[in-house]
Number of protein chains: 2
Amino acid sequence: MSLASERNDIELDEKIKEQHRIDSLNLLLYMMLLITTVLTVWMFKHRRMRYMHETGLALVFGLVVGALIRYTSVPSAISHVEVKAVSHPTYNGTLPPDYLWYHMKRKRDPVGPLVENRTYAYRLTGEVEDLTGNQFAQQATFDPEIFFNIILPPIIFNAGYSLKRKFFFRNLGSILCFAFIGTTISAFVIGGVQYTFGLLFTYKPSLLDCLYFGALISATDPVTILAIFNDLHVDVNLYALVFGESVLNDAVAIVLVTAIENYAKLYATAADGFEAIAFLKAIGLFFYVFCSSFLLGSVMGCATALLTKFTHIRDFPLLESSLFLLMSYSSFLIAEAADLTGIVAVLFCGICQAHYTYNNLSDEARVRTKDFFELINFLTENFIFSYIGVSLFTFPKHQWDFAFIGCAFISLFVGRLLNIYPLSWLLNLRRNPKIPLNFQHMMFLAGLRGAIAFALAIRNTYSVGRQTILTATSIIVAVTVVYGGLTTQLLLWLGIPVGGEAEEDETTGLNQMQRTRPVYSTMDARPNATGARDNPEKARLVRLWSNFDTAFMKPLLTNARPTLLETLPMCCHPLARLLTSTQQLTQDTSNKYDDDGEGFLEGDDASLHGAGGDSGSIHSNGRQIGGGAPDDGDLGTGSASGYQQAPPAAAAARPTRVTLRGHGHGENL
Amino acid sequence: MSLASERNDIELDEKIKEQHRIDSLNLLLYMMLLITTVLTVWMFKHRRMRYMHETGLALVFGLVVGALIRYTSVPSAISHVEVKAVSHPTYNGTLPPDYLWYHMKRKRDPVGPLVENRTYAYRLTGEVEDLTGNQFAQQATFDPEIFFNIILPPIIFNAGYSLKRKFFFRNLGSILCFAFIGTTISAFVIGGVQYTFGLLFTYKPSLLDCLYFGALISATDPVTILAIFNDLHVDVNLYALVFGESVLNDAVAIVLVTAIENYAKLYATAADGFEAIAFLKAIGLFFYVFCSSFLLGSVMGCATALLTKFTHIRDFPLLESSLFLLMSYSSFLIAEAADLTGIVAVLFCGICQAHYTYNNLSDEARVRTKDFFELINFLTENFIFSYIGVSLFTFPKHQWDFAFIGCAFISLFVGRLLNIYPLSWLLNLRRNPKIPLNFQHMMFLAGLRGAIAFALAIRNTYSVGRQTILTATSIIVAVTVVYGGLTTQLLLWLGIPVGGEAEEDETTGLNQMQRTRPVYSTMDARPNATGARDNPEKARLVRLWSNFDTAFMKPLLTNARPTLLETLPMCCHPLARLLTSTQQLTQDTSNKYDDDGEGFLEGDDASLHGAGGDSGSIHSNGRQIGGGAPDDGDLGTGSASGYQQAPPAAAAARPTRVTLRGHGHGENL
């Protein structure tokens, strides 16, 4: 190898090092933003200021830094060469090829005339719109795949894993209604309004782009509002409605986006006039994708439960936590690889992990997984908001269509209006503890947009239409997140009582409880206790599932009592014996196990445990062994008995350590 | 926007989705490998089989899957077009440009003759060697930057954070000698031998490539052996020597690699005959890079300590843990951005975090950070070994030069030989508790190679020489990791006693202790107790630092007693008051705080605490308040008093929870 050739290699080394230095600088930028956010949040919390949530701060800091980068940094050398295909191209596709091979003559020796031919591979990065930006600015952006494959899954998983299941299941019917019907209404209304405005104004987005925008922007993310709800102990049913809707509507919105993409594909390839068929097929695909993803996530959750139940892996908590993590992330990846929706899969996987696997985990793995996801969730969420802020200035592919953005706010307003109020009215026809008007107003106003909408928008920015959508989405997220800080005022204006059922606050809110006596909302004090009975149809379905869960799923999947030996008919006993672990049989004597179970799941599923024959059943053993007597089921049927019995048990069983943990939860939600 | 144009966008969407699907499949592959590894490791541990460490398993599974992918999957369509610069290139560099702009004519309408011009950007990915591989195989590889920026830092940080500091400091002199001098010897011997072989055989690597290889392959990673040492409770001094050397020699090897790159650059640009100057400059750079990185990491660690000491962020453990994480990772990124070595910075940051910051953390943050890094370390380490296995078959740029690989094993052998034995001989001249011959043999045999060497090798594979290095490194890592499983046999053959000083095993090894009585090694039973005194020069330096640490650093940086008010002279009291936190002053009354401090740092720094005036000082308060009396300093001076006093205090203070945590540690190391 000649000296000159070596010199070239060294230059290449330098080039790589420079690239690496820029990458580091880039990551460092976000680390510094996050550190600033953490310290500011701490100061805010320390001084009990509530008008700015951490995500809002992250976004604002991101905006400032993004603007600084944009307007102060000097363009650095980023070289490009315009090329064309060599005379006889072998590639005939209508799309750009994946790679280019660039033949380049390089001087072999600095003095002589010798040249050597080298070939370099180049990978497609996108369409060229404007490459005048400087390298640092371009580098302050990441591959959108990173958002989807790395950043989003833990956020969504954590939503499922930390779901306050009792109140979620109590309001399941309403939540499902808002999530499925509401999100669909919202998507189509926004898409329609946006398209109509488009016809009036100068901008002309395609109908499909409008619908695409409608679907992705329908994923709400009221993280700011929920944090304040949590701090102020707002009515638990309102909390459940807002949180439940936001969790599930992400899933629905994502599947809607996929369905619209599918429709576009079907429509484009269909012969003329068969739009109706394409439409029907798209609807079919919607249900297929949703249900398959749901099933996949649940199956992965249950598989983890079985693995942790029937192996002694709990003797090695590190292996156990690793397995838990890997299985959960796999549910996301399998779904994505199978053209389903990973977000939906990982959400339901999270719910199953909390519902079943959590019971089988060792104490250490429980703490570890909770802590891990809480921390990761905090960091990724703030990262994504910082990124939204920075990228608003530095992302090279923004399309500032102010007409589109202006109209978007109006269509968002209309879409949310036609989602919440009509559905609340419909639900109130059957729902006994009606959703009062001030709750409806709050839900209407809780339609903030966040990480999911942004991640969906940045995923594909190849065309101008999609770039316009990204810009509009970024602006909407920024505006709504900052506005979320007004929640405290909103609650005041709407006359929504705060400091309500402080069941889960024993750890953090003791003085709060003494300060403000539990104020029950304008809804019934024990809403579903009677509500469920007025709703026999819905209640029956939920109760059926609850009974099945208690009699079969939990005994099969967890180490909790009762065992399958107790719940299955005599004829199945050989099978039941096989599916019952030794630990499960000796459960009664090991008390340490379930103390934490209630303590860590924030005490809010104490009634589920108490009534559902879960680990809490030990505290009321005589009543439980029979398992699943209809009026014990609590999954949404809201048996007041379970609800009232559980707290003392939970309180008694809660170890002192929980006191410490309460802080973490309090600040995260 | 016309229908056809929309159709093109849809096709582009499809293309992106396909790419995403492949990415997911690719990640899924590694998740499945990790799940398999976790389950197998569990089975092995369950059956007490020790001949295969988890990293070895990960690697073997990786090899199997890599081979399957290579030989079974059918090549899928990966399109490329050969291009050349358009007639008047504006770019005149000798290196390939960063981007290509490809002008492409796309049919606008499937039926008509209309075309539209579009321009796409392509980014440089490397030199084309052989692109006949299939897409999946190419995808089963990741951007090498990911290893450096994401995977390595937590592994290295965890090494520093979980360092068993007592034994490390006791053997500091020997460890530094092996790490600095030994690694340098090893690098140059391997480089030289490799180059000499090259002259004899057909292959002709350049001298610089040989030295580069020598430097990177000198980073040892005896993770397998350390795990077995830990399981078998091998002599703590041997453990400290092997662990300490491996931790520090990574740092040295990385800086050496940088120095050689710098030398190459200086040499290439220097006028003829000024090689000596280039060489001297490279040596200067070596020390500059090492010392600056060391300082940077330490400063970041101390900054975190100050932040956690003087703010009340410990009231919010989630924020506290986030800050801890972000500051630690920033130390890596700042170093990388400043052209220093992030690995060195993050290592010393980890040591400082453990030494100072850990004392200021809330109980919850202690558990959380320990757990977090343990889990991440476990996952990333196994991931990297899986990846080595898979990439051996799928990485498109391997250069199989069997002569080079064969010679590499010989030069490795020679390099290790000339590192361990001469240095041990030299050290034994002054060291009183000599390193016995069987320990030397064990250290010689503990020169496994692992993650660091691989990450360094894969970082730059642009030239053929570097590709050869990568292939050789992969093979060496694979062979040595699998061979590491023989450690138990090796210990037996070498007659090295196991089940020794079981000081830190109270949590896991109780029955082990009863089974095998503590067997003291052939070294003195209390080695450094006398050893330090025979070594007054070294001891004085270490003692000076220890006193400074006790009298100034710890009072300044931590919440532990004594405070600066007690250690500084009277004239500095106003300043000292400013730098003393209220918590520090009220420390005596809050006992809960330091119980955990000893329990969690694995009890092994109990003597440091006990003697160094750290939190442990409360248990022997009268003796400590004066702080830093010379014979109390234990940092390497090995005061037998501190050593013997601490364990009872630690044992008394250890809460029951520690028992659970012991499992995790036991299985990780």
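A compact table of results
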read-out	value
Criterion violated by A:PHE385 - all others in (1) within 11 Å of another protein chain (Cβ to nearest Cβ); (2) within 17 Å of the chain's Cα centre (by Cα) satisfied	(1)
Selection within the stretch A:406-417 - within 22 Å of A:THR55 (Cα to Cα) and more than 25 Å from the chain's Cα centre (by Cα)	none
Residue match in the stretch B:170-188 (condition: farther than 13 Å from B:GLY447 by Cα, among the charged types (D, E, K, R) and within 14 Å of chain A (Cβ to nearest Cβ))	no
Verdict on B:LEU296 being of a type outside the set (Asp, Glu) and at pLDDT 95 or above	yes
Residue satisfying all of: in the stretch B:263-288; charged (D, E, K, R) and either closer than 19 Å to B:ASP209 by Cβ or surrounded by 14 or more Cβ atoms within 10 Å (Cβ to Cβ) (or both); modelled with the lowest pLDDT among these	B:GLU275
Hey, A:ALA305 over 23 Å from A:LEU470 (Cβ atoms) and within 14 Å of another protein chain (Cβ to nearest Cβ) or not	no
Counted residues, the stretch B:447-475 - those being aromatic (Phe, Trp, Tyr) and part of a strand (DSSP E or B)	0
Hey, A:LEU423 of a type outside the set (D, E, K, R), surrounded by fewer than 24 Cβ atoms within 10 Å (Cβ to Cβ), within 27 Å of A:ILE181 (Cβ to Cβ) and free of Cβ contacts under 8 Å to residues at least 60 places away in the same chain or not	no
All positions within the stretch A:364-382 that are among the aromatic types (Phe, Trp, Tyr) and more than 9 Å from chain B (Cβ to nearest Cβ)	A:PHE373
Unmet criterion (only one of (1) away from every other protein chain (no Cβ under 11 Å); (2) more than 20 Å from B:PRO555 (Cα to Cα)) for B:THR357	(2)
Residue selected from the stretch A:1-31 under the condition surrounded by fewer than 18 Cβ atoms within 10 Å (Cβ to Cβ), at pLDDT below 60 and more than 8 Å from every other protein chain (Cβ to nearest Cβ), by the criterion nearest to A:ASN382 (Cα to Cα)	A:SER5
Count - residues of the stretch B:129-157 that are at pLDDT 75 or above and polar (S, T, N, Q)	1
Those residues of the stretch A:556-581 which are surrounded by fewer than 19 Cβ atoms within 10 Å (Cβ to Cβ) and part of a helix (DSSP H, G or I), in sequence order	A:LEU565, A:GLU566, A:MET570, A:CYS571, A:CYS572, A:HIS573, A:PRO574, A:LEU575, A:ARG577, A:LEU578
Residue within the stretch B:37-44 that is modelled with pLDDT of 85 or more and in contact with a Ser or Thr (Cβ under 6 Å, 6 or more places away or on another chain) present	yes
Long-range neighbours under 8 Å by Cβ, at least six apart or interchain, first residue over 17 Å from A:VAL65 (Cα atoms) within the stretch A:392-403, second in a loop (DSSP other than H, G, I, E, B) and of a type in the set (Val, Ile, Thr)	A:LYS397/A:THR461; A:ALA403/A:THR202
Residues that are aliphatic (A, V, I, L, M) and either within 12 Å of chain B (Cβ to nearest Cβ) or farther than 21 Å from A:PHE383 by Cβ (or both), drawn from the stretch A:459-484	A:VAL464, A:ILE469, A:ALA472
Selection count where residues are surrounded by 21 or more Cβ atoms within 10 Å (Cβ to Cβ) and more than 7 Å from every other protein chain (Cβ to nearest Cβ), scope the stretch B:32-48	2
Cross-chain or 6+ apart pairs with Cβ under 7 Å, the stretch B:316-345 first and touching a residue at least 24 places away in the same chain (Cβ under 8 Å) and more than 7 Å from every other protein chain (Cβ to nearest Cβ), then surrounded by fewer than 24 Cβ atoms within 10 Å (Cβ to Cβ) and among the polar types (S, T, N, Q)	B:GLU320/B:SER362; B:LEU340/B:SER292; B:THR341/B:THR258
Count of residues meeting criterion [closer than 15 Å to A:ALA187 by Cα and not aliphatic (A, V, I, L, M)] in the stretch A:222-256	4
Qualifying positions in the stretch B:157-172 - more than 16 Å from the chain's Cα centre (by Cα) and not in a helix (DSSP H, G or I)	B:ASN171
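Here's the yes/no breakdown for (1) free of Cβ contacts under 8 Å to residues at least 24 places away in the same chain; (2) in contact with a His (Cβ under 6 Å, 6 or more places away or on another chain); (3) surrounded by fewer than 20 Cβ atoms within 10 Å (Cβ to Cβ):
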position: A:PHE148; (1), (2), (3): no, no, no
position: A:ILE155; (1), (2), (3): no, no, no
position: A:LYS164; (1), (2), (3): no, no, no
position: A:SER174; (1), (2), (3): no, no, no
position: A:PHE188; (1), (2), (3): no, no, yes
position: A:VAL193; (1), (2), (3): no, no, no
position: A:LYS204; (1), (2), (3): yes, no, yes
position: A:LEU211; (1), (2), (3): no, no, no
position: A:LEU216; (1), (2), (3): no, no, no
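Listed here are the residues, each with its yes/no results for (1) modelled with pLDDT under 90; (2) within 24 Å of A:PHE229 (Cα to Cα).
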position	(1), (2)
A:SER411	no, no
A:ASN419	no, yes
A:ARG430	yes, no
A:LEU456	yes, no
A:THR461	yes, no
A:ARG466	yes, no
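For (1) in contact with a helix residue (DSSP H, G or I) (Cβ under 7 Å, 6 or more places away or on another chain); (2) within 29 Å of B:LEU437 (Cα to Cα); (3) in contact (Cβ under 8 Å) with a residue 40 or more places away in the chain, each residue gets a yes or a no:
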{"residue": "B:VAL464", "(1), (2), (3)": "no, no, yes"}
{"residue": "B:THR468", "(1), (2), (3)": "yes, no, yes"}
{"residue": "B:SER474", "(1), (2), (3)": "yes, no, yes"}
{"residue": "B:GLY484", "(1), (2), (3)": "yes, yes, yes"}
{"residue": "B:THR488", "(1), (2), (3)": "yes, yes, yes"}
{"residue": "B:GLY495", "(1), (2), (3)": "yes, yes, yes"}
{"residue": "B:VAL498", "(1), (2), (3)": "yes, yes, yes"}
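The values are calculated or read from the model by the stated rules, or taken from the named source; none is laboratory data. What you see is a predicted model, and the numbers here were worked out from it, not measured in a lab. All Cβ positions, glycine included, derive from the backbone under ideal geometry; neighbour counts span all protein chains shown.
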